[in-house]
1. Hey, what number do you get for the chain at 222 nm if only DSSP H runs of n ≥ 4 count, each worth -39500 (n - 2.57), divided across all residues, to the nearest 500?
2. Treating only the Cβ of Lys, Arg, Asp and Glu as charged (+1, +1, -1, -1), what charge dipole size does the chain show about its Cα centre? Round to the nearest 20 debye.
3. What list of ³J(HN,Hα) values in whole Hz, one per residue of the range 75-92 in order, does the Karplus curve 6.51 cos²θ - 1.76 cosθ + 1.60 (θ = phi - 60°) give from phi, with Gly and Pro shown as x?
4. If amide hydrogens are placed 1.01 Å from N in the peptide plane, which non-local residues have theirs closer than 5 Å to the one on PHE219?
5. Which aspartates and glutamates have a Cα less than 15 Å from the Cα of LYS251, not counting those fewer than 8 places away in the same chain?
6. In terms of the Cα gyration tensor, with a ≥ b ≥ c the square roots of its eigenvalues, is the range 50-115 rounded because a/c is under 1.5, prolate because a/b exceeds b/c, or oblate?
7. Using a cut-off of under 16 Å, list every residue of the range 147-171 whose amide N is near the label point 7 Å from the Cα of GLU112 along the Cα-to-beta-carbon line.
8. Would you mind putting 202-208, 124-130 in packing order, based on average other-beta-carbon counts within 10 Å, highest first?
Amino acid sequence: MRQSLLIIFSFLSFICPAFAQEASVLIGKGEKIIGKFKYKDSKTLRRAVVAEGVTEIGEYAFLGCDSLEELVLPSSLCKIGEGAFRECRSLKRLVIPKGVTVIPRYMCAWCEDLKIVVLPSGLKDIGSHAFAYCENLSEISLPYSLTHIGSNAFSFCKSLREIEISASMQELESYAFSDCCSLRRVILPANNKMLGELLFIGCKNLEEIECMSKLPPTFDCDSPLFDPSEKDMYEKISLKVPQSARSLYRKAKVWSLFQ
C-alpha cells in the first residue's frame, strides 16, 4: 500500500507540480517500525504524515530528504533512531510526541531550514549533535525533565537567542552551544553539577549568563567557557549569581575570570 501511494504521488507530482506542493503522504500504515534508511534521499516526499500505531522510527530513516518540508509524527511514537531526520534541509517545524524520552544523536543535524522544535514535557536526554547546524532554529524550550545534553547538541544554531536549562540537568557536555552566534542570554542549572568544556566558544554576542547555584559549578578539565582568544568575553558579559555566593564565585576557577 505504501509503495502504491508513493508511485501515485510521484506520477501526480510529475504531471502537476502544484500537487506536490499541497498533498500529504501517509506512511507506515499498519506498521510498528519504520526501518533504517527507509526513505533515505527520497525526492518525492514533501509533506508526510506517519501513521498512528508506529512506535519506532529507525536510524537515518529520512536521511537526506531534501524536499521534506513537513513531517507529522504520531502520538504512538516512543523511539527515534540516530540521525532519523538528518539533512532534511527543507524541514521547517517538528513536534516530538510525548512518548519520546530520548532525542538521539544527529537526529536533526544539518536541517538548515528548521525554525521551530517542540519537545515533550517528559524528555530526559538530548544526544550529541542532535540539532547541530540547524542555522535557522530560533524556537525551542528545554523541558524541566531534561537531565542530559550531549556534546555539540546545538552547535552552530546561529538563530538561537536565549536558552534556559533547569536544575534537573545532571550533565551538560562540552561544546553544547558552541558557535551560537546570536545567543544573548543563558540560564544555567541552579545546581553545582560539573559543566562541559568550552560550552559557549564562538558565542560572540552573548550578553548575560545566569547561574543560581549556591555553590559554583566546576568545569570538566578546568576548562574555561570560551576559547583563550575570546578572553574579552569575560569582561563584556554580565554574570548573575546568588548574592550570598558572590564571594565563592570570585574565588572559583573560571568564574573568577568574570569582571
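1. Details: 4 runs with 30 residues, N = 259.
After summing the helix terms and dividing by the residues of the chain, the value is -3000 deg cm²/dmol.
2. Working: 32 positive and 31 negative charges, 84 e Å.
Here the chain has a charge dipole of around 400 debye.
3. Working through the residues one at a time gives 5, 6, 5, 10, 9, 10, x, 3, x, 4, 10, 4, 6, 7, 5, 9, 5, 10 Hz.
4. LEU195
5. Candidates past the 8-residue exclusion: ASP222.
6. Numbers: a/c = 1.78, a/b = 1.47, b/c = 1.21.
Prolate, since a/c reaches 1.5 and a/b exceeds b/c.
7. 156-159
8. Details: 202-208: 17.0, 124-130: 21.3.
Ranking, from highest mean packing down: 124-130, 202-208.
Each reported figure results from applying straightforward, stated rules to the coordinates on display, with no laboratory input. Everything numeric here is computed off the predicted structure, so don't read it as measured data. Neighbour counts are summed over all protein chains in view; Cβ atoms, including those assigned to glycine, are modelled from backbone coordinates with ideal geometry.
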